[in-house]
Amino acid sequence: MAQVTVVGAGVIGLSCAVRLLEAGHSVQVHGRDLAPDLTSAVAAAVWYPYLAEPRDRVTAWSAAALAEFTALADRGVDGVVMTAGTEIFREPVGEPWWSSAVPEVRRVDEPRPGYAEGWSFVSPVIEMPVYLPWLQERVRELGGTVEQREIVSLDELDGLVVNASGLGARELVRDQSMEPVRGQVVYLEQVGLKHWWIDDSALDLGVTTYVVPRSRDIVVGGTEDHGQEELTVDPATADAILARARTLVPELADATVIGHNVGLRPARPTVRLEREGDVIHCYGHGGAGVTLSWGCADEVAALIA
């Protein structure tokens, strides 16, 4: 069994650590930031392959993660709830490219006024403020460690290393193909909503509309601002997000705003998951870190085995 250091304490790094510990390896996790001060903590997060390539590998990783989240929900793990939802479209479209990852996808004609069709399926909603601490504790239960420490060079680490540094890979391994994609969200009070909605028809304008119900609140978004790194909440953007969400889901008309947040998705032309000597790189998951987490963790464990 190996001594492994995981660089990055987000959902990818922690999931990799769990899988490696389950395989019998000795694991320590170093994160520049720990939950809740992480990009992962901003995620809505509904299982949905988004802003990640290549499609064949993403589909396989997504299917594996969906199976694991389904099992976690069946076990009653806090923060993981199987939830029905619908992605809707202004114009008729074909079945989603990732549909083979889902046990059942159902076509819906005229799911909302003004929309031509939609695709409904049951997906896990992962409440990150609850789930990330659970992941950290799971690492510790299995005998691993999680500590706050900024790694400036992989050369300072001995043994095998899993580079799950996300956007930090720009500096850590000089990967200039990494691109921040800014996402802003609004949190609303939970008003009894149980169905999630996604409308990506305006992505060419840098906006996406989604409504994701959680136990304590409802996350509505969002934006897709490529190359933007401003973490300050923009009030005008928040107003636009809220207006789109309330148009899409009228049940939110009187829901009170209880918070705002901004995160930077770690995007890359393709996810980098490969072994390079004693380093296994696993970063560049875009807007699908949660969605790909367990599938990528399985592959990382296989590369080390």
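The values are calculated or read from the model by the stated rules, or taken from the named source; none is laboratory data. These numbers come from a predicted model, not from an experiment. Note that we place each Cβ from the backbone using ideal geometry, even for glycine, and neighbour counts take in every protein chain shown. The protein model used for the area step is the full one, side chains on, heavy atoms only, and it has no ligands, DNA or RNA in it. Shrake-Rupley method; radii C 1.70, N 1.55, O 1.52, S 1.80 Å.
Annotations
- Filter result (over 18 Å from VAL130 (Cβ atoms) and either of a type in the set (Gly, Ala, Ser) or open to solvent by 30 Å² or more (accessible area, probe 1.4 Å) (or both)) within segment 201-222: SER201, ALA202, LEU203, ASP204, LEU205, GLY206, VAL207, TYR210, GLY221, GLY222
- Test: residue in segment 12-20 that is over 23 Å from THR247 (Cα atoms), crowded, with 20+ Cβ neighbours inside 10 Å and basic (Lys, Arg): yes
- Of the residues making up segment 275-289, at least one is part of a helix (DSSP H, G or I), closer than 25 Å to LEU231 by Cβ and touching a helix residue (DSSP H, G or I) at 6+ places or on another chain (Cβ under 6 Å).
- Scan of segment 82-121 for residues that are aliphatic (A, V, I, L, M), surrounded by fewer than 17 Cβ atoms within 10 Å (Cβ to Cβ) and either touching an Asp or Glu at 6+ places or on another chain (Cβ under 6 Å) or not in a loop (DSSP other than H, G, I, E, B) (or both), ordered by number: MET82, ALA84, VAL108, ALA116
- If the condition is being in contact (Cβ under 8 Å) with a residue 12 or more places away in the chain and over 23 Å from VAL181 (Cβ atoms), then segment 277-299 contributes ASP278, VAL279, ILE280, ASP298, GLU299.
- If you check LEU193, LEU167, LEU132, LEU188 for being open to solvent by less than 10 Å² (accessible area, probe 1.4 Å), on the phi < 0 side of the Ramachandran plot and outside any strand (DSSP E or B), only one passes: LEU132.
- Of the residues making up segment 67-78, those that are without any contact (Cβ under 8 Å) to a residue 60 or more places away in the chain and open to solvent by less than 20 Å² (accessible area, probe 1.4 Å) are LEU72, VAL77.
- Failed item in (1) open to solvent by 20 Å² or more (accessible area, probe 1.4 Å); (2) touching a residue at least 24 places away in the same chain (Cβ under 8 Å); (3) farther than 16 Å from GLU299 by Cβ, with ALA45 passing the rest: (1)
- Just one of the listed residues (THR247, THR232, THR270) is in a helix (DSSP H, G or I), among the β-branched types (Val, Ile, Thr) and either open to solvent by 20 Å² or more (accessible area, probe 1.4 Å) or in contact with a Ser or Thr (Cβ under 6 Å, 6 or more places away or on another chain) (or both), and it is THR247.
- Residues located in segment 136-152, provided they are closer than 21 Å to ALA2 by Cβ and either open to solvent by 30 Å² or more (accessible area, probe 1.4 Å) or not in a loop (DSSP other than H, G, I, E, B) (or both): ARG138, VAL139, ARG140, GLU141, LEU142, GLY143, THR145, VAL146, GLU147, ARG149
- From the list SER123, SER100, SER201, SER165, the lone residue that is out of contact with any strand residue (DSSP E or B) (no Cβ under 8 Å at 6 or more places or on another chain) and either among the polar types (S, T, N, Q) or at pLDDT below 95 (or both) is SER100.
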